[in-house]
Amino acid sequence: MSDKSDIIHDEYSDKKRYKFLAIFLIFLCCLGIYGTFLGFIEEYSVLEKINEKAIYIGHRSFAIGAFWVVPFLIVSCYLLYLRLVNKLTIQVQMWLVKTAGFGLVAWFLTCSVYGFWLDSHLRINGYTHCYWYDSPARGSPTIWVESERFCQKRASNTRIELFNYFDQQDALNRKPTDKELNAEIKNIVENSIFYKYQNDLL
C-alpha cells in the first residue's frame, strides 16, 4: 500500500512540475512574441533612418529572425502538454526534434540573408561600417555612419554620448560641420570619466 501511495505521490509531483514548466514556457512565448515585435519595429526604423540619411545607424541582423523562436516555444509547450496527458510518443518526439532543427536552420538562414542584404543596402546608400563604435558585448548593434568623418577613433570610449549628439543633429535635420564635430568630440572626451581617470583628474 505504501509503494502504491509513493507512486501516486511521484506522479502528482511530476505533473505539478510539468505544469510549472508549461506556465513558464507560456510566459516565454509571450516574451518571445513581444521581443519579435520589438525586433521588427527596430529593423523597420533602420530602413526609415537609411531613407532619412541619419548620421549613424545601429542594427542587429539576428533580430529579424527572432520570430522563429516563437514557434519553437509553442512546440515546447505542446510537448509538455502531451507529457501531462500521457500522450507523448516516440513518433511525436521525433517530429518535434525535426521541427526544432528546421526552426534553427531557418533562423540562421533568415539572419544571414537579411544581414547580407541590409549591409549591401547600407553601402549602396553611402554608409560605412565604423568598427570603432562597435561594442564587444554580445548582441550589441553594428554601427554604420553616413560619412567616414563621423567615425572617430578618439570617441570610441564615449560613443553613447556622441550618439546622443548625432540624434540631436538628426532631429534638427542637419549635419554638423567638421569644426562643430571636432569641438563636440573634444568636449565629450574631456568631460568623460574615462579621460579624467587616464589623466588623474578624478
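Values in this text are rule-based calculations from the coordinates and carry no lab data. Predicted, not measured: the structure shown is a model, and the values here were computed from it. As a convention, Cβ positions derive from the backbone with ideal geometry for all residues, glycine included, and neighbour counts pool all protein chains shown.
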With label points built 7 Å along Cα→Cβ from the Cα atoms of L88 and Y131, find their separation and express it in nm. 4.8
By per-residue mean of other Cβ atoms within 10 Å, what is the highest-first order of 177-187, 140-150, 160-170? 140-150, 160-170, 177-187
If all Cα-Cα distances of segment 72-173 are sorted into 10 Å bins from 0 onward, what percent lands in each bin, rounded to whole numbers? 12, 27, 21, 15, 15, 10, 1
